[in-house]
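The next block holds one structure in the form of structure tokens; read it before the comments.
The values are calculated or read from the model by the stated rules, or taken from the named source; none is laboratory data. Note that the structure is predicted; figures quoted are calculated from it, not measured. Cβ placement follows ideal geometry from the backbone for every residue including glycine, while neighbour counts extend to all protein chains displayed. For the accessible areas, the whole protein counts, side chains as well, though only heavy atoms, and no ligand, DNA or RNA atoms are used. Shrake-Rupley method; radii C 1.70, N 1.55, O 1.52, S 1.80 Å.
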Amino acid sequence: MAFVNAPTAVGTIVFRDASGSVAKLQIHIPFGTLAVAALAAMDALRTALLALSDCTVISTSVTYSEVDNAPPAANAGSRVEEKGTFVWRLANGLTTSFQIPAIKDSVLTTSGAVDRTNALIIALDTAVTGAGAIFAGRDGSDITALFAAYQKFRASTPNMLPKDR
Amino acid sequence: MLSTAPTWSMTLRDASGSSAIIRGTLLPGTTASAGLAAVATLAGAIQDLSDAIIERRSVSFSQVAETIDAAGPTPANVTGVILFQTSEEFARFIMRIPGFKPDKTETTGCFAGERINLLDDDVVNLIDFLVAEPWVEPWGLSLTAAEAGYVREES
């Protein structure tokens, strides 16, 4: 199991027409291209494309991905619908959150709260809020502390139902 | 265009084959390499907490238009398709341009209105721009020349 770079970074330009319908264009950039340079190139491409399209551009983005080239099997019985919800306090006083799918029961208390004394939870907290961490809320405000953490379930989509039912 | 804070994401897959995505945000000014390194560290902590397996992780950098200009009359599903040759003899790259302007197509011949006029100034400008650095096809091959172009209506 090893994470390897995708062959390229993916540039995406989102177009919108007069009716409000949205379409995307994808182009590729060498993976080693710095994000600043890539975004500048995407901006120049946007200008060239707008000369050929009646749509307007609402956003551009560049995504750098790493994939596991030999992923192991997931633990038996794991289901992504069982979430561990982690709510974080931001420096500006607001909160942000993310959910970990298939949260392990061993890090939960009997009430369904996340056991914050568990060493693995402490490690997650350190990774997100510790010295040098660069995680933030959507507005760019730094994440400063874990505010709440608990188990939560989401409804299964048709594709999540067992294939052999 | 206005830069937004970089974002990260991870894709996990459980024993049933179902997948889910975790998303978050990074501090503004984070570079791609620093972002990927931080996400790799976070992935280690998250993998210890999940029975699902992390298969993919990524960092994205976005810009949004501060004001949305009015669009012209061509619908987004009218697509200009341009086929590019690459640095490898038999590999091609296809670019799809939504809302392709009808006045950029050929006006004579049996494919008038369908075939893209590859000699149009704006089309030439785009082609020249794409065959220069840094643009590549999905496996990293450089784009070398435009081979064909036509307009189609996507469903």
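Rolling a 1.4 angstrom probe over the protein heavy atoms with all chains in place gives chain B an accessible area of 48 Å² per residue.
Along the stretch B:108-120 the Karplus relation, 6.51 cos²θ - 1.76 cosθ + 1.60 evaluated at θ = phi - 60°, assigns HN-Hα couplings of 10, x, 6, 10, 4, x, 10, 8, 6, 6, 6, 9, 4 Hz to successive residues, with x for each Gly and Pro.
Only Cα pairs under 8 Å and 6+ residues apart enter the sum, and on that basis the relative contact order of chain B stands at 22 percent. Spatially, the stretch B:107-128 and the stretch A:1-32 are offset by 25 Å when compared through their Cα centroids. Under 17 Å Cα-Cα from A:K104, which aspartates and glutamates qualify once same-chain neighbours fewer than 8 residues away are excluded? Within the straight-line cut-off, A:K104 pairs with A:E81, A:E82, A:D115, A:D125, B:D14, B:D48, B:D51. Note on the protein assembly as shown: with charges restricted to the Cβ of Lys and Arg (+1) and Asp and Glu (-1), its dipole about the Cα centre is near 1100 debye. Working from Cα pairs under 8 Å separated by at least six residues, relative contact order for chain A is 22 percent.
Annotation for A:K24 and B:L118: the two label points, set 7 Å from Cα along the Cα-Cβ direction, are 2.9 nm apart.
For the pair A:A148 and A:T129, the difference between a 0.36 nm per residue extended length and the Cα-Cα distance amounts to 5.5 nm. Entry for the protein assembly as shown at q = 0.08, 0.09, 0.11, 0.12 Å⁻¹: log10 I(q)/I(0) = -0.46, -0.57, -0.80, -0.91, Debye formula applied to identical alpha-carbon scatterers, no solvent contribution. With a Cα-only, solvent-free Debye model of the stretch A:91-165, what are the log10 I(q)/I(0) values at q = 0.12, 0.16, 0.17, 0.28 Å⁻¹? For the requested q values the scattering log ratios are -0.45, -0.72, -0.79, -1.33. For chymotrypsin sites (Phe, Trp or Tyr not before Pro), the sites in the stretch B:46-120 that DSSP calls loop and that have at most 16 other Cβ atoms within 10 Å are B:F90, B:F111. The distance between label points at A:N92 and B:A70 comes to 3.3 nm (points 7 Å beyond Cα on the Cα→Cβ vector).
Placing pseudo-labels 7 Å out from each Cα toward the beta carbon at B:R96 and B:S33 gives an inter-label distance of 3.5 nm. Comparing Cα centroids, the stretch A:78-107 and the stretch B:1-71 end up 15 angstrom apart.
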